[in-house]
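Okay, structure first, notes after.
Each reported figure results from applying straightforward, stated rules to the coordinates on display, with no laboratory input. The structure presented is a predicted model; accordingly, all values stated were derived computationally and were not measured. In this analysis, Cβ positions are derived from the backbone assuming ideal geometry, glycine residues included, and neighbour counts consider all displayed protein chains.
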Amino acid sequence: MLRELASAVTQGRINPVDLVNEAITRISAAGELNAVVALYAEEALATARNHPRTGPLAGLPFLVKDMARVKGRVTTAGSTLYADGPADEVSDIVVERLEAAGAIILGRTNSPEFGATATTVNKVFGATRNPWNTQRSSGGSSGGSAAALAAALVPLATTSDGGGSVRGPAAACGLVGYKPSMGAIGRNVLPRWIHFSTQGTSGTSVADVITEASVTHGPARGDFLSLPKGSIDLAPRMPRRVIACRTYRADVDTEIEEAYERTLDLLAADGVTVVRADPPTSNAAVWSWFVISTAELTQSLLHVRDRWPEMSDYVQSQLAFGEKVTAEQYVEAQRARHEFGARFDDLLGDDGVVVVPTANARSWPAEGPMASSAGKVEHDTMIALNTTDANLTGHPAVSVPMGFDNHGVPVGFQVTAPRFGDCLALGIAERLERIQPWQRVAHGYSEFGLS
């Protein structure tokens with residue numbers, strides 16, 4: 001879709017003004033989703049009227065997750081601390097690159113406060129609702145962008161991932177969600193989770209994800225983790241082995257496991273070598289991630305220590321924990337990263353991928369809390385998602401749709417590839433798109449375009 005729309009703009013068959021107006025109309029009609037929390041309509045239309053009609057994303061309106069900076073705009077990060085500003089002095093590099101490619105900023109999408117939970121709800125804007133079932137969550141922390149894409153409000157919306165914030169919402173909203181190898185997208189503004197957070201890409205098709213990623217990938221000045229330009233091959237390529245793990249956690253809900261097994265059977269029937277293996281990770285990896293992430297979040301908010309009581313309960317609980325993390329515990333958790341990374345490397349080799357359900361738990365209410373049960377296991381706060389492990393180790397991972405839960409909400413199939421072997425995860429995603437095609441947008445919505 002992205003290439004086709006941009007091509008129509010560059011060839012003069014579509015006016016960018018019409019695309020912006022179409023997005024504004026769609027956003028206005030989908031207010032119940034609460035996906036879009038700021039609209040820059042006049043400015044976007046002015047940009048569209050004067051657009052040179054060049055670039056790989058020429059004239060395409062896009063929304064920015066309310067955790068990425070936009071120069072001259074307020075990034076609230078879903079927090080009352082920043083609801084009234086100040087305005088950003090710089091734009092995040094992904095925003096700069098999308099604009100340089102011809103895309104037009106139209107507004108902001110909702111996010112949980114500081115992206116600190118897998119449910120998109122905060123005290124500033126409230127809860128975002130899943131377009132497949134408005135009683136259920138669109139996931140988090142990129143839930144606003146995922147809902148906007150699943151409802152086809154815009155063709156583009158930025159997403160980021162520090163513990164599954166691209167892949168979880170993509171799974172819940174029936175999208176392709178791609179977290180690249182750590183460092184593939186440089187960061188000119190360091191995130192609060194320094195070691196885990198990266199911008200990612202979400203879309204309704206593998207081709208759209210690759211089109212956007214080809215624009216956003218690249219190093220950034222000052223980012224000690226960013227990779228040299230051209231380090232990541234985005235051309236989909238099939239791995240030699242698909243290594244199947246039922247779950248990384250204690251259990252998985254029945255309908256999710258059934259969808260997972262059907263997807264494995266389809267791959268095998270299509271000639272793909274599928275082997276079973278024990279998972280290379282465990283809850284200990286989630287614990288190490290939690291120690292590091294809470295310590296880094298806490299340090300980033302020490303300058304507003306007196307205002308912590310104003311924050312959401314889920315942020316306050318993490319700050320209370322992070323404040324008690326010792327230097328010894330932090331370094332120990334960092335050392336554990338090496339161990340878990342090595343386990344994934346040994347299992348994957350150079351040409352394998354690991355596949356697992358993106359989430360073990362069926363969807364949860366729009367207002368939260370995130371699920372703490374799956375299958376026969378209850379009261380387990382680590383059980384809901386199989387996503388944090390790839391943030392801990394830095395491996396690339398892609399989620400693609402594979403079915404629905406008993407609430408009619410999509411569920412995802414996650415593919416993790418060797419570090420810098422993003423093309424292999426994209427290869428499986430592309431193959432599944434062909435043999436198990438998914439519905440592009442939620443029921444009741446139409447694909448983005450001009451009627």
Here the relative contact order (percent) of the chain, from C-alpha pairs under 8 Å and at least 6 apart, is 18 percent
Could you pull out every whole DSSP H run in the chain that spans at least 24 Å of Cα extent along its own axis and averages -0.5 or higher on the Kyte-Doolittle scale?
283-300
Enumerate the amide H contacts of residue 218 below 5 Å, restricted to partners 5 or more residues apart or on another chain; note that Pro and chain-start residues carry no placed amide H.
185, 186
Value of Rg/Rh across the stretch 188-261 [Cα atoms, Kirkwood radius]:
1.06
The pairs in 65/229; 179/229; 65/179 lying past 21 Å Cα-Cα in this model are 65/229
Mind listing P(r) for the stretch 144-219? All alpha-carbon pairs, 10 Å bins, whole percents.
22, 54, 24, 1
With the Cα gyration tensor of the stretch 270-343 in hand, give its eigenvalues times 5 under a square root as the equivalent ellipsoid semi-axes, listed largest first in whole angstrom.
34, 16, 9
Using only Cα positions of the stretch 181-227, each an equal point scatterer, no hydration layer, compute I(q)/I(0) via Debye at q = 0.15, 0.17, 0.28 Å⁻¹ and quote the log10 values to two decimals.
-0.39, -0.49, -1.00
Thinking of the chain as a set of Cα atoms, what percent of all their pairs are more than 28 Å apart?
44 percent
Roughly how big is the chain's charge dipole about its Cα centre, with Cβ charges of +1 (Lys, Arg) and -1 (Asp, Glu), in debye to the nearest 20?
640 debye
Out of all DSSP beta bridges with both ends in the chain, state the antiparallel percent to the nearest 5.
65 percent
Based on the Kirkwood radius over alpha-carbon pairs, what value in µm²/s does the Stokes-Einstein equation return for the translational diffusion coefficient of the stretch 23-150 at 20 °C and 1.002 mPa s?
145 µm²/s
With only alpha-carbon atoms counted, please give the Rg and Dmax of the stretch 302-395, in Å.
17.1, 51
What is the P(r) of the stretch 242-305, as percent of Cα-Cα pairs per 10 Å bin from 0?
18, 31, 23, 17, 10, 2
Mean separation of Cα contacts under 8 Å, 6 or more apart, over the residue count of the stretch 254-366: relative contact order %
38 percent
Under 5 Å between amide H atoms, partner at least 5 residues away or on a different chain: which partners does residue 403 have, H built in plane at 1.01 Å?
411
Equivalent-ellipsoid semi-axes (√(5λ), Cα gyration tensor) for the stretch 181-314, whole Å, largest first?
33, 24, 14
Taking only the alpha-carbon atoms of the stretch 353-416, what semi-axes of the equivalent ellipsoid follow from 5 times the gyration tensor eigenvalues under a square root, in whole Å, largest first?
20, 15, 10
Under the Kirkwood approximation applied to all pairs of distinct alpha-carbon atoms, what is the hydrodynamic radius of the stretch 325-451 in Å?
16.9 Å
Can you list which of the GluC sites (Glu not before Pro) found in the stretch 10-113 are DSSP loop residues with at most 10 other C-beta atoms within 10 Å?
89
Quick one: divide the alpha-carbon radius of gyration of the stretch 95-183 by 2.2 N^0.38 Å and tell me what you get.
1.04
Please list, by residue number, every one of the trypsin sites (Lys or Arg not before Pro) in the stretch 1-83 that is coil in DSSP and has at most 10 other beta-carbon atoms within 10 Å.
13
Set of aspartates and glutamates near residue 71 by C-alpha distance (under 19 Å), chain-local residues within fewer than 8 positions excluded:
42, 43, 84, 88, 89, 92, 96, 99
